[in-house]
1. Is there a residue in the range B:90-113 that is modelled with pLDDT of 95 or more, more than 8 Å from chain A (Cβ to nearest Cβ) and in contact with a Cys (Cβ under 7 Å, 6 or more places away or on another chain)?
2. Does at least one position in the range B:7-25 carry a residue that is modelled with pLDDT under 95, closer than 30 Å to B:Leu167 by Cβ and acidic (Asp, Glu)?
3. For the subset of the range A:1-14 comprising residues that are out of contact with any helix residue (DSSP H, G or I) (no Cβ under 8 Å at 6 or more places or on another chain) and either surrounded by 18 or more Cβ atoms within 10 Å (Cβ to Cβ) or not hydrophobic (A, V, I, L, M, F, W, C) (or both), which member is farthest from the other protein chains (Cβ to nearest Cβ)?
4. Restricting to the range B:153-187, count the residues that are free of Cβ contacts under 8 Å to residues at least 12 places away in the same chain and part of a loop (DSSP other than H, G, I, E, B).
5. Among B:Val118, B:Val83, B:Val101, which is free of Cβ contacts under 8 Å to residues at least 60 places away in the same chain, surrounded by 24 or more Cβ atoms within 10 Å (Cβ to Cβ) and on the phi < 0 side of the Ramachandran plot?
6. Find the residue count for the range A:180-213, including only residues that are more than 24 Å from A:Glu131 (Cβ to Cβ) and among the basic types (Lys, Arg).
7. Tell me, please, whether a residue that is assigned to a strand (DSSP E or B), within 14 Å of another protein chain (Cβ to nearest Cβ) and not hydrophobic (A, V, I, L, M, F, W, C) can be found in the range A:40-59.
8. Collect the residues in the range A:125-177 that are surrounded by fewer than 22 Cβ atoms within 10 Å (Cβ to Cβ), aliphatic (A, V, I, L, M), within 11 Å of another protein chain (Cβ to nearest Cβ) and farther than 22 Å from B:Thr198 by Cα, keeping them in residue-number order.
2 protein chains.
Amino acid sequence: MRINVMADILQANDRIAALNRQVFDGNRNLVLNLMSSPGAGKTTLLEKTAEALKGQLRLGVIVGDIETTRDADRLESHSLPAVQLTTGSACHLDANMIASVLGRIDLASIDVLIIENVGNLVCPAEFSLGEDLKVMVLSVTEGDEKPLKYPAMFRESSLLLINKIDLLKHTNFDLEEAKANARRINGGIEIIDISCITGEGICEWTTWLSSCHREKFGSKSRA
Amino acid sequence: MRINVMADILQANDRIAALNRQVFDGNRNLVLNLMSSPGAGKTTLLEKTAEALKGQLRLGVIVGDIETTRDADRLESHSLPAVQLTTGSACHLDANMIASVLGRIDLASIDVLIIENVGNLVCPAEFSLGEDLKVMVLSVTEGDEKPLKYPAMFRESSLLLINKIDLLKHTNFDLEEAKANARRINGGIEIIDISCITGEGICEWTTWLSSCHREKFGSKSRA
């Protein structure tokens, strides 16, 4: 007897992800699955995003980490509704983990829910959480060849944020080469250069967010 | 019927790792499992290490990547014997992958074999490859809280190399806090600050390597 364990796990995951999506749609939430390597700057980006969206769209966050509640603590100090998920040893979030915390966040009072995945450039790409879109962050200190070496995540993402652009001059990161590599893997990927230090690109990113929300729900305000 | 798939996989892995270790010991190889996030600088470190060890210890490398043979190509241009392993979608190397390439590298002509794992701060920590020691690289652009958020790899490692120390002044990375965090997780971990750009710490690192080799085999030269 041979069991295809992985196919089975992914099928179960997709079933729960579809249920999560029903809940999100019912609450008029645009949901993003935010993925990157450890330390690419996801949490800082969320802090900046919360500031930039103030008065426009109501942001909520689910944060996944192996251990510690540091990220949620950081985000709550920005009065952002944040739920921390600690995965123990799991290297990615899955749909069931998300389903298990949906009762802890007031989805009806949120326009955009961003799920910050575990820092990992490999495993999160395979597991749908019920999100509308996948977004990934690549920081310039990580190297411009990363799309070729870790293609799955770049292939799955609608938007690539190239972060820490303020550090570009201190690295040998070739920005045009990085973009060309990302587009070799995913011809349709959108790309925005950002810096959470200088603020470069943050407005372009929140404009992208707003337009995705408008596209899904027709208008910014609730009926 | 309930099967503990993960325990089973790890047990099989450990069995093959023990066989790998016999091969390494028979060839008088000191073997390191080098782990980090994507882009922390493992391949550049190996280039610098090869230069620094020239005339002292003969280095060989097995490089694991999801896709592409870029790293092995880079290393071979430094006349370093390098074998590339592409894992397809696997997020870490395992003992069986290593066993499958041992015939492609002349172990008898190598003193130190460094296995560059897939860039991932989570999954590689669980899988022994048959190595003597685990070494990890954390770059200052990744953040000083990483030992607390991804404890397993820090717990398993004998040595932590804090890399890109030349970029320290451009980041908010607290070096002392990072070291304190690593020691909270692993009281016995050794730590060396390095920069592959300025060369800082490279000599200390190769001295560490030489002393580990001497400790395992009694003397630097072969009988």
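1. No, that holds for no residue.
2. Taking every residue of the range B:7-25 in turn, none turns out to be modelled with pLDDT under 95, closer than 30 Å to B:Leu167 by Cβ and acidic (Asp, Glu).
3. A:Gln11
4. Quick first cut of the range B:153-187, residues free of Cβ contacts under 8 Å to residues at least 12 places away in the same chain only: B:169-170, B:172, B:176, B:180, B:183, B:187.
Those still in the list that are part of a loop (DSSP other than H, G, I, E, B) too: B:172, B:187.
Qualifying residue count for the region: 2.
5. Working: B:Val83 fails: surrounded by 24 or more Cβ atoms within 10 Å (Cβ to Cβ); B:Val101 fails: surrounded by 24 or more Cβ atoms within 10 Å (Cβ to Cβ).
Testing whether each residue is free of Cβ contacts under 8 Å to residues at least 60 places away in the same chain, surrounded by 24 or more Cβ atoms within 10 Å (Cβ to Cβ) and on the phi < 0 side of the Ramachandran plot leaves just B:Val118.
6. Total meeting the criteria: 1.
7. First, pick out the residues of the range A:40-59 that are assigned to a strand (DSSP E or B): A:59.
Retained after the next criterion (residues that are within 14 Å of another protein chain (Cβ to nearest Cβ)): none.
Within the range A:40-59 (the criterion being assigned to a strand (DSSP E or B), within 14 Å of another protein chain (Cβ to nearest Cβ) and not hydrophobic (A, V, I, L, M, F, W, C)), the answer is no, since none of the residues qualifies.
8. Listed by number, the residues that qualify are A:Leu148, A:Ala152.
The values are calculated or read from the model by the stated rules, or taken from the named source; none is laboratory data. Please read all numbers here as calculations on a predicted model, not as lab measurements. Backbone-built Cβ (ideal geometry, glycine too); neighbour counts: all protein chains shown.
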